[in-house]
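These notes concern the structure reproduced below.
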Amino acid sequence: MKLDIRKFDRGTTLSEVLVAALLLAIFFGAVFELNALCLRYIDATKESVAALQSVQDRAETLRNLSFAELTDSTTFGNLLASPPNAATFAQKATEVIKISAYPTPNGVTQFTRQPNGTVTTNSVATDLGKALVKVDVSVAWTMALGNRPRSEQTTNILSNGTKK
C-alpha cells in the first residue's frame, strides 16, 4: 500500500498558526517598543537643545545691557520676569543667574526664575565693582526620559565699556 504524501500538505495545523501569530506579535511588539524608545530619546534631545538655546538667549540679553543696568538688582530682577524665549521649555525649567565682581568677588547677586514665572532674589552683592563682572546663567529641569535632573550653564565675563 502506497501513501499519498500530497494529502498531508494541504493546510496548516492550528498549532502552526498559533506559533506564527505569536512570533509576529513578539516581532511587532519589539518594533513598537523600539519606536517608543526612539521617540523618548528625541524628546530628551529636544529638551537639551531648548535648554541650550534658553541659556544662550538669556546670556545674549545680559550682554546687551549697559553695565549700570547689569549691576542694578531692581532693573535686573524686572528683566527676569519674562522668559528668555517663547519656547514651551520655559514652563518646565528653573533659571538661576549669578552676578559677582571679577576677579575678586565681594558677594553674589543671585536671581532664580521658577517655571511658573516667579522671580526670587536669593542674594544681593554688597559691591559688584565698576569694571568687570562674572555672570553665570544656568537652567535646570527634569528630563522626560527617566525623570533625571539635567542642567545647562554658561559663564561670561562682562566689562564696563562703551558700545560701538
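The values are calculated or read from the model by the stated rules, or taken from the named source; none is laboratory data. Quantities reported herein were computed from a predicted structural model and do not represent experimental measurements. No Cβ is skipped: glycine too gets one built from the backbone with ideal geometry, and neighbour counts run over all protein chains shown. For accessibility, only protein heavy atoms count, side chains too; no ligands or nucleic acids. Shrake-Rupley method; radii C 1.70, N 1.55, O 1.52, S 1.80 Å.
I'm trying to understand the selection: among the residues of segment 135-148, which are part of a strand (DSSP E or B) and either closer than 28 Å to Leu39 by Cβ or open to solvent by 20 Å² or more (accessible area, probe 1.4 Å) (or both)? Break it down stepwise before answering.
Within segment 135-148, the subset part of a strand (DSSP E or B) is 135-142.
Asp136, Ser138, Val139, Ala140, Trp141, Thr142, listed by residue number.
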So which of Ala36, Ala30, Ala51, Ala44 ends up being assigned to a helix (DSSP H, G or I), modelled with pLDDT under 90 and either over 20 Å from Gly117 (Cβ atoms) or in contact with a strand residue (DSSP E or B) (Cβ under 8 Å, 6 or more places away or on another chain) (or both)? Ala44
The lone condition Ile97 fails out of (1) under 13 Å from Phe76 (Cα atoms); (2) not in a strand (DSSP E or B) is (2)
Of the numbered conditions (1) over 30 Å from Leu37 (Cα atoms); (2) in contact with a Pro (Cβ under 8 Å, 6 or more places away or on another chain); (3) open to solvent by less than 30 Å² (accessible area, probe 1.4 Å), Leu132 fails exactly one; give the number of that condition. (3)
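Filter segment 109-134 down to the residues that are of a type in the set (Gly, Ala, Ser) and assigned to a strand (DSSP E or B) and list them by number. Talk me through it step by step, then tell me what you get.
Of the residues in segment 109-134, the ones of a type in the set (Gly, Ala, Ser) are 117, 123, 125, 129, 131.
If the condition is that a residue be of a type in the set (Gly, Ala, Ser) and assigned to a strand (DSSP E or B), then Ser123 is the only one that fits.
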If Ile97 meets every condition in (1) under 15 Å from Leu158 (Cα atoms); (2) open to solvent by 40 Å² or more (accessible area, probe 1.4 Å) apart from one, which number is that one? (2)
Taking the options Asn156, Asn147, name whichever one is modelled with pLDDT under 90 and not hydrophobic (A, V, I, L, M, F, W, C). Asn147
If you check every pair at least six apart or on different chains, which have Cβ atoms under 6 Å apart with a residue in segment 19-44 that is within 22 Å of Phe89 (Cβ to Cβ) and open to solvent by less than 60 Å² (accessible area, probe 1.4 Å) first and a residue that is not in a helix (DSSP H, G or I) and not small (Gly, Ala, Ser) second? Ala44/Met143; Ala44/Leu145
Please count how many residues of segment 100-117 are out of contact with any Leu (no Cβ under 7 Å at 6 or more places or on another chain), under 21 Å from Arg150 (Cα atoms) and open to solvent by less than 70 Å² (accessible area, probe 1.4 Å). 5
Within segment 129-162, can you find the residues that are among the hydrophobic types (A, V, I, L, M, F, W, C) and in contact with an Asp or Glu (Cβ under 9 Å, 6 or more places away or on another chain)? Val137, Val139, Ala140, Trp141, Met143, Ala144, Leu145
Need pairs with beta-carbon distance below 8 Å; first residue at positive phi and within segment 118-136, second loosely packed, with under 12 Cβ neighbours inside 10 Å; sequence gap 6+ or separate chains. Gly129/Asn106
State whether one or more residues within segment 66-86 are under 17 Å from Trp141 (Cβ atoms), within 24 Å of the chain's Cα centre (by Cα) and assigned to a helix (DSSP H, G or I). no
